[in-house]
Number of protein chains: 2
Amino acid sequence: MTENTAPSADLIMQVCFGFWGSKVLFSAIEMEVFTELAKRAENLETLQGRLGIHPRAGRDFFDSLVAMGFLRRTEGKYSNTAASDLYLDRHKPSYIGGILEMANQRLYEHWGHLTTALRTGKQQNEGKDGQGELFEAVYADPARLKTFLAAMTGISRGANMAIARRLPWGKYRTYADVGTAQGDLAVQIALANPHLHGLGFDLAEVGPIFEEYVEQHKLNGRLRFHPGNFFEDPLPQVDVITMGHILHDWNLEEKKMLLRKAHEALPDGGAVVVYESIIDDDRSRNAFGLMMSLNMLIETPGGFDYTGRDCAGWMKEVGFREARVEHLVGPESMVVGTK
Amino acid sequence: MTENTAPSADLIMQVCFGFWGSKVLFSAIEMEVFTELAKRAENLETLQGRLGIHPRAGRDFFDSLVAMGFLRRTEGKYSNTAASDLYLDRHKPSYIGGILEMANQRLYEHWGHLTTALRTGKQQNEGKDGQGELFEAVYADPARLKTFLAAMTGISRGANMAIARRLPWGKYRTYADVGTAQGDLAVQIALANPHLHGLGFDLAEVGPIFEEYVEQHKLNGRLRFHPGNFFEDPLPQVDVITMGHILHDWNLEEKKMLLRKAHEALPDGGAVVVYESIIDDDRSRNAFGLMMSLNMLIETPGGFDYTGRDCAGWMKEVGFREARVEHLVGPESMVVGTK
């Protein structure tokens, strides 16, 4: 074994210490580093003092954020990068830190039990000791609900903006986003397509949070909240039904039931748009999508992620005329079924 | 804000979910996936059954390892990549999984308290409630000690092999590796340089583990264990003293004391070699080195990582004639001081 032919251990080390980077970013969000620096660039001592960081720790912490590409340091002053300023300043509507807050407050610890989940096939979150399921636990606490819904916005923003531009929206007049959470997909579609009227469909508890978000974007004239439970109620009758990061929460029968309800609610020529981190058909490239499925193992009793081919097959099985898969951004793709 | 000018949120998402990749790799080590596949390629059902993985979880788990580049899947059979086979099969002497085991058993949880460490400047590991310091806790338990020492080998192997080739060893006849742990640096130097005789210097508890490792490599004739405590005892008199991942454990005074002891022990023309994930002088590129310093915050009362310029300065301060920094592999560099 010589230097040139020995396989590299770099990837092993890089993945091994991936959790360090996650936690540094989570602490930066928790301590509002980016929100503070959105006001002005600051030197080490001022920033450290203002955020309440110990002098032993501040310099390494901020410089780690520089080296990872989340901050800049120029002539001793730290400042936000363009992406950090846009996405990680809590006071901007473009803030996506909700997903980082949720990962820090919930997922990091639950993923500590991954081996148990792999051995038992059972969820490892708030619901694991029979304290109810994820959604019951989350929806019962308004503060937690808002964090969860904002997290969903955080993880969906890029894909939402792509869907708002890419679908042939000119053909349609109405849409409903099913399991809408804060409503970011509904909002992005309305912003990009002024002729459309949309509904956000979710449990009644979500209403005020959706309405606040729609109000922030001044879209009250064209977006309404439609309370409902997609296990008990029919879906609203509109031209296009979207479901983002919804199907993966549920088992196979539940997935098909939701697609069937969408089919029933749509007119001929109407479309269902399912999107999330859809796994590539060979299940060998979209690592994020595959690990999102392990996240569903940890978070739900029967949920799992799936390939575009899987989803197109279910759509045809419940009656859609055709179904196609289209890549959106990063690990996210959509499957569009036409009735 | 248009699609083309909007900063990307990809980096944020990638770092956010870095801990998923870490945990998937840790569980694979814990469940001996690579050790099992080193015997032969296996299909999903056989591999899942043999490792005791639940059918809900196995396929996503193994395919995640494929997508991250740790396994291959060909015609339905999973097999190790070259790097996984070499470094992650527990039965090979090239195994470096010890660092993954330690990260899984200790660091993942301790890093859960990063925000507290940043606020207080205090360690967050076994020693945090006054139960003694890291090394006391680790050295008191032989099983834990062996895991820890093997972890040190895992994180050092690539750098050790580079040092064994790169230093002008032809000029020297003897060396001592101070804080040698399992002894991998001493072993790699001896393997690459048949004219050298070396010592492994560490606390007496380490002796049997060092000797077992040297025996495995059939180097008993040229490598000896030298028990000692570098706070109480002088360092052995040899031509070259190496210290890998040692200085960063200690505070500034302790660092200089160790360099001073090395200077005292060396002959004129002798060299001290300090290596670890040395931070770049601008403290803006070596993210791993900077986060390793945060790891020292979590793991020790006063340790920290440092730049090549910092270290060269300390070396000159204690009397070394010259000091130079040389990159080794990945985030690792060495600082060589000549007396």
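The values are calculated or read from the model by the stated rules, or taken from the named source; none is laboratory data. Remember, predicted model here, so these are calculated numbers, not experimental data. When we count neighbours, we look across all protein chains shown, and the Cβ atoms used for this are built from the backbone with ideal geometry, even at glycine. The accessibility values were calculated without ligands, DNA or RNA, using every heavy atom of the protein model including side chains. Shrake-Rupley method; radii C 1.70, N 1.55, O 1.52, S 1.80 Å.
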Subject >> For chain B, diffusion coefficient by Stokes-Einstein and Kirkwood Rh (Cα), 4 °C, 1.567 mPa s, µm²/s >> reply: 60
Original post:
In µm²/s, what is D for the protein assembly as shown at 37 °C and 0.692 mPa s, where D = kT/(6 pi eta Rh) by Stokes-Einstein and Rh is the Kirkwood radius from Cα pairs?
Top reply: 121
Original post:
Going down the list A:Lys171/A:Lys316; A:Lys23/A:Lys122; A:Lys255/B:Lys39; A:Lys77/A:Lys218; B:Lys146/B:Lys261; A:Lys316/B:Lys23, which pairs span over 32 Å between their C-alpha atoms?
Top reply: A:Lys255/B:Lys39; A:Lys77/A:Lys218; A:Lys316/B:Lys23
Original post:
Along the stretch A:106-120, what does the Karplus equation 6.51 cos²θ - 1.76 cosθ + 1.60 (θ = phi - 60°) give for ³J(HN,Hα), rounded to whole Hz, x for Gly and Pro?
Top reply: 10, 5, 4, 6, 4, 5, x, 9, 4, 4, 4, 4, 5, 6, 9
Original post:
Relative contact order (percent) for the stretch A:1-125, with alpha-carbon contacts under 8 angstrom and 6 or more residues of separation?
Top reply: 24
Subject >> Ratio of the Cα radius of gyration of the stretch B:267-327 to 2.2 N^0.38 Å, where N counts its residues >> reply: 1.23
Original post:
Quick one: net charge of A:Gly319's neighbours, Cβ under 14 Å, K/R +1, D/E -1?
Top reply: +2
**OP:** In vacuum, with every alpha carbon of the stretch A:30-145 counted as one equal point scatterer, what does the Debye formula give for log10 I(q)/I(0) at q = 0.16, 0.18, 0.19 Å⁻¹? Two decimals, please.
**Re:** -0.84, -0.93, -0.98
**OP:** Once every Cα of the stretch A:108-230 carries one equal point scatterer and solvent is ignored, give the base-10 log of I(q)/I(0) from the Debye formula at q = 0.17, 0.22 Å⁻¹, two decimals.
**Re:** -0.87, -1.19
**OP:** Using a 1.4 Å probe and ignoring any ligands, DNA or RNA, find the accessible area of B:His54 and quote it in Å² to the nearest 10.
**Re:** 60
Original post:
Relative to the Cα centre, what is the charge dipole magnitude of chain B, using +1 at the beta carbon of each Lys and Arg, -1 at the beta carbon of each Asp and Glu, and rounding to the nearest 20 debye?
Top reply: 740
**OP:** Could you rank A:Met152, B:Met102 by how accessible they are, 1.4 Å probe, largest area first?
**Re:** A:Met152, B:Met102
Original post:
For B:Met296, what is the net charge nearby, where nearby means another residue's Cβ is under 11 Å from its Cβ and Lys, Arg count +1, Asp, Glu -1?
Top reply: -4
Subject >> For the stretch A:134-200, projected area of the alpha-carbon convex hull averaged over all directions, nm² >> reply: 4.6
Subject >> From the C-alpha gyration tensor of the stretch A:225-269, square roots of 5λ in Å >> reply: 17, 13, 10
Original post:
Taking the Cβ of A:Gly18 as the center, what net charge do the other residues with Cβ under 14 Å away carry, scoring Lys and Arg +1 and Asp and Glu -1?
Top reply: +1
Original post:
Rounded to the nearest 500 deg cm²/dmol, what is the calculated helix-only ellipticity per residue at 222 nm for chain A, with -39500 (n - 2.57) per DSSP H run of length n ≥ 4?
Top reply: -13000 deg cm²/dmol
Original post:
Where does the stretch B:193-339 land on Rg(C-alpha)/(2.2 N^0.38 Å)?
Top reply: 1.07
**OP:** With all protein chains present, calculate the accessible area of A:Ile155 using a 1.4 Å probe and round the result to the nearest 10 Å².
**Re:** 20
Subject >> Counting DSSP beta bridges with both ends in the protein assembly as shown, the antiparallel % (nearest 5) >> reply: 50
Original post:
Tell me, which longest segment in chain A has none of the GluC sites (Glu not before Pro) that fall in DSSP loops with at most 11 further Cβ atoms within 10 Å?
Top reply: A:76-231
Original post:
So what is the orientation-averaged projected area of the stretch A:32-89, using the convex hull of its C-alpha atoms, in nm²?
Top reply: 3.4
**OP:** Pull up the DSSP beta bridges for chain B and report the antiparallel fraction as a percent, rounded to 5.
**Re:** 50
**OP:** Enumerate the amide H contacts of B:Trp250 below 5 Å, restricted to partners 5 or more residues apart or on another chain; note that Pro and chain-start residues carry no placed amide H.
**Re:** B:Phe304
**OP:** With N denoting the number of residues in the stretch B:229-299, provide Rg(C-alpha) divided by 2.2 N^0.38 Å, to two decimal places.
**Re:** 1.23
Original post:
Heavy-atom accessible area of B:Thr46 with all protein chains present, probe 1.4 Å, nearest 10 Å²?
Top reply: 50
Subject >> Extension gain from B:Glu212 to B:Thr120, taking 0.36 nm per residue of separation minus the Cα-Cα distance >> reply: 29.0 nm
